[in-house]
Amino acid sequence: MRTLKWTTTGLTLVFLVAPLLVIAIVSVNENRYMDFPPQGLSFEWYWALWTDLGWRSAILTSLTVASLGALVAVAIATPLAYVLRAYRIRLSPLLYALGILPFMLPPVISALGAQVFWNAADHAGRIENVIIAHGIFFSTLPLITISLAMETMDPALPEAAQTLGANPRTTFRTITLPLLVPSMITGYAAAFVLSLNEYIIAFLVAGFSVQTLPIKIFNGIRYGFTPTIASVAVVFIVIAATVFSLFAVFGNLLRFLGADPAILERNDA
Amino acid sequence: MSDRKPTHGTYAVLAVPVTMLVVFFLVPFGIMVASSFYHRVEGGFYTPAFELNSWRRLFTEVFIERAVFSIGISLLAGAVCIAVAFPFTFFLTRMKRRPHVALLVVVMSALSLSEVIVGFTWSVLLGRAAGISNILVWLGVMDEARAYQPGFVAVLLGLCYIAFPYCVLTLYPSLSRLDREVTEAAQTMGASPWRTFWTVVVPISRPIIVAGFLLVFVFTLGSYLISAILGRPEHWTLSVFISDQASFNANVPFAAAMAIFLTVLSLAVVGVVTVVESRTRRLT
């Protein structure tokens, strides 16, 4: 069993990390073409990410879409999660399902729907279409994090505020909303990261006029390799690993993932 | 706290997100359903009509082959993912703090990678220029570098790579909450760890194994870039086929008909997962 434990863990780790290592090596290769073992060390492909106008504009487009799209997602999710959890609404399960549905279905469904919608509205190929489409598709993530926060919130807190004379609006603004902020940030971050990575919706909605980073990378792969693609990949990987490491060190990553809170004390004992 | 009576103000607040979801999700979906009956005009346009041409194409051999391949490779990816992720997650939940957190960070980092980057890294790794075979040649194990992509195995590996982190995260909460006394009891009564794993841990976890398997199935069914980058046209999944028809072939009505087929298929699987999960909740 011990052997099995270490082989399974080891092989899985190799499977997860190997492509990342290869890409890191390729990205610092001095040669314009891929080869192995690499010829010389160079960081010029990283520099090209910023100096090359095409790459820079793709990065900025992606950041715009992701930051605004995640904002739309949180703006949709917050009132929905709050009202459905705080009030007795008859259609509650149905409305919650409506918020979950876009994300449950394969993204190509949302993508094609948005494409025919904006064609019918005679407003095709704009960046705001991508922002709205991402906002709708990823609103499920903040909806889940905020709903969970509403469920675990101590009902005595808003009740106490009301007993002390606060009206519902003041209670929401001074008690409930501040308690929801962490879950709103988590939901925003999740929507932001996934929007940054999303390809098919962005492509079908406005792919020929709005070039996000994944679209630019995919076109790059199709029309020939440049080491710049590898350096973009490395930048993404480093950002992701840093964010989650910080989360593990300063936040409670295990709790967030749904672990039994006492799990580590028991394992360490 | 869901006991308060809604007021007019409550409905006004609720109206904003619901309107957004209806206008930008349900209405587009409705237009998509309608456009599957539209008439296709050569050259990329379509005019409102009521035709069954696009629907009839769903019953042609080409499409059925595509659908069967898509469903088959997604089922296979689900099986492979569960077979690896279940023992991996089980061991993970029994590790001490440092390796435990470190492995979770690796899993989460892999999760946050874009499909396009996963596709790209595997195409390099399985390619002829700077991949596994080059390392083997360099080490003297192989004589000549080979390309392992595009191909079926490459697509399967890529799909497993993008789905694996999601699979681990589905299994993680319930495996970490699995009562240790149960496994300890089995071992006190003389069962080997191996036997305990097979006769106690796996049967207890059957519902979550089914849920994880179906999750990977739906997730990979919707994947686009992996099969587009790592496969030949015969390895394309339905998503690639749909968006290819909608963009390059400019046949929106046919794309819409296929998208509705994919929706029904996914909803059916999601329905099964919901039933399985609610049954688990009743048991615990």
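Read-outs throughout are calculated quantities, based only on the coordinates presented, and are distinct from any laboratory measurement. All of these numbers come straight from a predicted model, not from anything done at the bench. Cβ coordinates were reconstructed from backbone atoms using ideal geometry, including for glycine residues, and neighbour counts include every protein chain displayed.
Under the criterion of Cα pairs below 8 Å and six or more residues apart, the relative contact order for chain A equals 29 percent. Could you give the distance between the Cα centres of segment B:21-48 and segment B:186-226, to the whole Å? If you average the Cα positions of each part, the centres end up 41 Å apart. Think of it as helices only: each DSSP H run of n ≥ 4 in chain A is worth -39500 (n - 2.57), and spread over all residues that comes to -24500 deg cm²/dmol at 222 nm.
Mean sequence separation of contacting Cα pairs (under 8 Å, at least six apart), scaled by the length of chain B, corresponds to a relative contact order of 27 percent.
As an exercise, use a Förster radius of 35 Å and the Cβ-Cβ distance of B:LEU76 and B:THR19 to find the FRET efficiency, rounded to the nearest 0.05. Before the final figure, lay out each step's value.
Working: r = 42 Å, r/R0 = 1.19.
It comes to 0.25.
The angle between the Cα long axis of helix A:92-104 and the main principal axis of chain A comes to about 0°, on a 0 to 90 degree scale. As a rough footprinting exposure proxy, the listed residues A:ASP122, A:ASP260, A:ASP52 were ranked by other beta carbons within 10 Å of their own, and the order from fewest upward is A:ASP122, A:ASP52, A:ASP260.
For chain B, modelled as a GNM whose springs connect Cα atoms under 10 angstrom apart, the maximal fluctuation among B:ALA211, B:ALA246, B:ALA191 occurs at B:ALA191. In chain B, helices alone account for a calculated mean residue ellipticity at 222 nm of -22500 deg cm²/dmol, with every DSSP H run of four or more residues adding -39,500 (n - 2.57).
What is the dipole size for the protein assembly as shown, taken about its Cα centre, with +1 at each Lys and Arg Cβ and -1 at each Asp and Glu Cβ, in debye to the nearest 20? Spell out each step's value before the answer.
Numbers: 34 positive and 27 negative charges, 224 e Å.
Rounded to the nearest 20 debye, it is 1080 debye.
Other residues within the sphere of radius under 14 Å centred on the Cβ of B:TYR11, judged by their own Cβ, net out at +4 (K and R +1, D and E -1). Is segment B:60-283 rounded, prolate or oblate when judged by the Cα gyration tensor, a ≥ b ≥ c being the square roots of its eigenvalues, rounded requiring a/c under 1.5 and prolate requiring a/b larger than b/c? It is oblate, given that a/c is not under 1.5 and a/b is not larger than b/c. Rounded to whole numbers, the Karplus 3J(HN,Hα) couplings from phi for segment A:228-241 are 4, 4, 4, 5, 4, 4, 5, 4, 4, 4, 5, 4, 4, 4 Hz, using 6.51 cos²θ - 1.76 cosθ + 1.60 with θ = phi - 60°, and x at Gly and Pro. Helix A:140-152 and the longest principal axis of the Cα set of chain A meet at an angle near 40°. Other protein chain C-beta atoms within 10 Å of residue C-beta, averaged over A:16-27: 6.
Each of A:HIS134, A:HIS123, B:HIS8 has some number of other Cβ atoms within 10 Å of its Cβ, and from fewest to most they run B:HIS8, A:HIS123, A:HIS134.
I'd like to verify something in chain B: which complete DSSP H helices, judged by Cα projection on the helix axis, reach 24 Å or more and average at least -0.5 on the Kyte-Doolittle scale? Span-like helices here: B:61-93, B:152-177, B:252-283.
Legend: translational diffusion of chain A by Stokes-Einstein, Rh = Kirkwood radius over C-alpha pairs, 20 °C, 1.002 mPa s; D = 99 µm²/s. Once the Cα atoms are used to define both axes, helix A:213-222 deviates from the longest principal axis of chain A by about 30 degrees.
Ranked highest first by the average count of other Cβ atoms within 10 Å around their residues, in what order do B:194-200, B:170-176, B:220-226, A:58-64 fall?
Working: B:194-200: 14.6, B:170-176: 21.9, B:220-226: 27.0, A:58-64: 17.9.
Result, highest mean first: B:220-226, B:170-176, A:58-64, B:194-200.
Label segment B:1-109 by shape, choosing from rounded, prolate and oblate, from the square roots a ≥ b ≥ c of the eigenvalues of the Cα gyration tensor; if a/c is under 1.5 it is rounded, and otherwise prolate applies when a/b is larger than b/c, oblate when it is not. Don't skip to the answer; put the middle values down first.
Working: a/c = 3.41, a/b = 1.25, b/c = 2.72.
The shape class here is oblate.
Going Cα to Cα from A:LYS5, which lysines come in below 21 Å? Please leave out same-chain ones fewer than 8 positions away. Hits, sequence-local ones excluded: B:LYS96.
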